[in-house]
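The values are calculated or read from the model by the stated rules, or taken from the named source; none is laboratory data. Computed from a predicted structure; not experimentally measured. Positions of Cβ are backbone-derived with ideal geometry, glycine not excepted, and every protein chain shown enters the neighbour counts. These area figures cover heavy atoms from the full protein model, side chains too; ligands, DNA and RNA do not enter into them. Shrake-Rupley method; radii C 1.70, N 1.55, O 1.52, S 1.80 Å.
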There are 2 protein chains.
Amino acid sequence: MDILLAGSFLEGEQQIWLQALDNALSGHRILPDAHAAQRAGIEVAIVANPRPGSLAGLPRLRLIQSLWAGVDRLLEDTTLPPDVPLARMVDPAMSAAMAETALWAVLSLHRGFFAYARQQQDALWLPRPQLRAEEIPVAVLGLGEMGRTVAQRLAHNGYPVSGWSTRPARIDGVRCAHGPSALQSLVGTVRIVVNLLPLTDATRSLFDADLFACFARGAAFVNLARGAQVVEEDLLAALDNGPLAHAVLDVFGREPLPAQHAFWRHPLVTVLPHVAALTDVHSAARVVAANIEALERGHPLSHLVDRHRGY
Amino acid sequence: MDILLAGSFLEGEQQIWLQALDNALSGHRILPDAHAAQRAGIEVAIVANPRPGSLAGLPRLRLIQSLWAGVDRLLEDTTLPPDVPLARMVDPAMSAAMAETALWAVLSLHRGFFAYARQQQDALWLPRPQLRAEEIPVAVLGLGEMGRTVAQRLAHNGYPVSGWSTRPARIDGVRCAHGPSALQSLVGTVRIVVNLLPLTDATRSLFDADLFACFARGAAFVNLARGAQVVEEDLLAALDNGPLAHAVLDVFGREPLPAQHAFWRHPLVTVLPHVAALTDVHSAARVVAANIEALERGHPLSHLVDRHRGY
């Protein structure tokens, strides 16, 4: 089978993917680029943030497999073949990485480690009160694969965790709620809100002045999902005038975050360069191989995107 | 029973302890201070870093109960009654707090969060390679109550954990070694060394140039035990000239750490003001009450210190 690898890669990254995919997909031909005659034979496109238009003109295409978990940018490409199944990356290694980042952020906020880092800059020796994990309720918004993994990891480490999603969900050890009005009341009852929602029309600019006003006084906001879900001026206002005490941000409206952006220098903002969960090349290559094998055997494909829903 | 509460407390702290102990020890009289006539009747002394000499001249004393886990400073008091049983604080809430701090330090080192914090100061957007938890072997030195809790918490969160202690130990899911030569080889095989050893003659200045030279290149050192176990100039040299890549320090030779000390401003050192695990007042008061009840009933006392061993 001929497979196209299309994407925007960093220096050397494409070669690493080609090698990992070659190992996982023996017997197939993977083309990092394809001229017109080759394009006629492509049956699968493996994509990582491809240039708009890259997937047009592939008459035999039967599967688009994303190497990224979020497909919101892919779905903005109006030339995307409308009837070809589209699968997103759901990889246990990536969910584990996300759980690590969320747990680190929650531990840092709970135990005051961001505050101690500020104190170190002033050589200030000042112990702060120590609360127990069970005194720090946390809300996880978005209960897909990653949200579920994050919620369970936090619960296993002693935090009382509430989950929220658009549709009803059930997770052992996690109190789950759904729907817009439940969200407004939930964020008022927790110390830390961790956002893992997919970017859709319903979640774009969801975190605005109105929603921040519902947060508990002194609460923290951890955004590990998409920058476009946050009205950045409203977040800054909520940090400066309350109720927010801290924000941990991995994603931004513009990435890389421009050097002059206020987030970089705000004492109550922790900036990460979109690294909460990087795709693990070897693990992801195996996930891709399993889906391509399912395609060949006519078995059901995994992790298909509902294009109408947006994830 | 008359009980003496003796210690060096911060503003308001003594009052909080008195109230918590009163709640947990109904039927007993707790004296924050005792004149000569009262001292004759004291049967238990509850101590938190008391002034040397405070426990001399208590003829009916039957138990010294520390509110601190480490009793190294207490044992330096030459007037300490030699034959009275001495118990240290072993509190599950304190062990949980220590496990949180160790896990936060390990997650921060594993995922590069200290490096990202430095990058934020320069508004530098630069993703770093992401390793999996199973690729980050960690050593926990000291396998008392706290060390065991820390080792298990790290193992439950996916890290391959080795434990080391003076005497042989067994912990589920943790590879255990003991003895001096095992220590030198162990520190060369892990990415992160977490120190939770008690301060004794054998561990004073244990972390010196010779031992740091055995660490793996790029390894990190996390000290959550006692500052006197580290030769601070040797640690700085190991950071500046290798092999160490980072140190997380909660304890120091002099505390509070003097404002002009190099640790405060070293880019590869994270300073905490001795807060890795604070005693939890309410939980500790229950631990004290249980030991005093055992004393009254003639049952075995818990967490007794072997003064010769030093912990």
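Scan segment A:115-139 for residues that are within 9 Å of chain B (Cβ to nearest Cβ) and assigned to a helix (DSSP H, G or I) and jot them down.
A:Y116, A:A117, A:Q119, A:Q120, A:Q121, A:A133 - these are the residues of segment A:115-139 that are within 9 Å of chain B (Cβ to nearest Cβ) and assigned to a helix (DSSP H, G or I).
May I ask you to list the residues in segment B:275-311 that are part of a loop (DSSP other than H, G, I, E, B), in contact with a helix residue (DSSP H, G or I) (Cβ under 9 Å, 6 or more places away or on another chain) and either at positive phi or within 12 Å of chain A (Cβ to nearest Cβ) (or both)?
Those that are part of a loop (DSSP other than H, G, I, E, B), in contact with a helix residue (DSSP H, G or I) (Cβ under 9 Å, 6 or more places away or on another chain) and either at positive phi or within 12 Å of chain A (Cβ to nearest Cβ) (or both): B:V275, B:A276, B:A277, B:L278, B:T279, B:D280, B:H303, B:G310.
What tally of residues in segment B:140-178 results from selecting those that are within 16 Å of the chain's Cα centre (by Cα), open to solvent by less than 10 Å² (accessible area, probe 1.4 Å) and among the aliphatic types (A, V, I, L, M)?
4
Restricted to segment A:254-301, and to residues that are among the polar types (S, T, N, Q) and open to solvent by less than 30 Å² (accessible area, probe 1.4 Å), which residue is nearest to A:A220 (Cα to Cα)?
The selected residue is A:T270.
Only residues that are farther than 22 Å from A:L5 by Cα and open to solvent by less than 30 Å² (accessible area, probe 1.4 Å): list them for segment A:302-311, please.
A:G310
Here is a check on your reading of the model: is B:G12 in contact with a Lys or Arg (Cβ under 6 Å, 6 or more places away or on another chain) and free of Cβ contacts under 8 Å to residues at least 24 places away in the same chain? Break it down stepwise before answering.
Numbers: in contact with a Lys or Arg (Cβ under 6 Å, 6 or more places away or on another chain): no; free of Cβ contacts under 8 Å to residues at least 24 places away in the same chain: yes.
In short, no.
Which residue out of A:I3, A:I64, A:I42 is free of Cβ contacts under 8 Å to residues at least 40 places away in the same chain and surrounded by 17 or more Cβ atoms within 10 Å (Cβ to Cβ)? Before you say what the answer is, go through the steps one by one.
Working: A:I3 fails: free of Cβ contacts under 8 Å to residues at least 40 places away in the same chain; A:I42 fails: free of Cβ contacts under 8 Å to residues at least 40 places away in the same chain.
The conditions single out A:I64.
For segment B:163-183, does any single residue satisfy the condition of being within 14 Å of chain A (Cβ to nearest Cβ) and part of a loop (DSSP other than H, G, I, E, B)? Talk me through it step by step, then tell me what you get.
To start, the set of residues in segment B:163-183 that are within 14 Å of chain A (Cβ to nearest Cβ) comprises none.
No, segment B:163-183 contains no residue that is within 14 Å of chain A (Cβ to nearest Cβ) and part of a loop (DSSP other than H, G, I, E, B).
For every residue, the table says whether it meets (1) touching a Phe, Trp or Tyr at 6+ places or on another chain (Cβ under 6 Å); (2) among the small types (G, A, S); (3) over 18 Å from B:Y311 (Cα atoms).
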residue	(1), (2), (3)
B:L67	no, no, no
B:E76	no, no, no
B:L80	no, no, no
B:V90	no, no, no
B:A93	no, yes, yes
B:A96	no, yes, yes
B:L103	no, no, yes
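Residues to consider are B:A262, B:A220, B:A238, B:A228; find the one that is more than 20 Å from the chain's Cα centre (by Cα) and away from chain A (no Cβ under 13 Å). Break it down stepwise before answering.
Numbers: B:A262 fails: away from chain A (no Cβ under 13 Å); B:A220 fails: more than 20 Å from the chain's Cα centre (by Cα); B:A228 fails: more than 20 Å from the chain's Cα centre (by Cα).
Checking each option against the conditions leaves just B:A238.
I'd like to check something: does segment B:85-103 contain any residue that is hydrophobic (A, V, I, L, M, F, W, C) and free of Cβ contacts under 8 Å to residues at least 24 places away in the same chain?
Taking segment B:85-103 as the starting set, the residues that turn out to be hydrophobic (A, V, I, L, M, F, W, C) are B:86-87, B:89-90, B:93-94, B:96-99, B:102-103.
Going one step further and asking which of them are free of Cβ contacts under 8 Å to residues at least 24 places away in the same chain, we end up with none.
No, segment B:85-103 contains no residue that is hydrophobic (A, V, I, L, M, F, W, C) and free of Cβ contacts under 8 Å to residues at least 24 places away in the same chain.
With respect to B:Q15, determine if the residue is loosely packed, with under 15 Cβ neighbours inside 10 Å and either under 26 Å from A:L126 (Cβ atoms) or within 26 Å of the chain's Cα centre (by Cα) (or both). First the steps, then the outcome.
Values: loosely packed, with under 15 Cβ neighbours inside 10 Å: yes; either under 26 Å from A:L126 (Cβ atoms) or within 26 Å of the chain's Cα centre (by Cα) (or both): yes.
Considered against the rule, which asks whether it is loosely packed, with under 15 Cβ neighbours inside 10 Å and either under 26 Å from A:L126 (Cβ atoms) or within 26 Å of the chain's Cα centre (by Cα) (or both), B:Q15 comes out as yes.
Within segment B:78-114, which residues are within 7 Å of another protein chain (Cβ to nearest Cβ) and more than 30 Å from B:S66 (Cβ to Cβ)?
B:L107, B:S108, B:R111, B:F113
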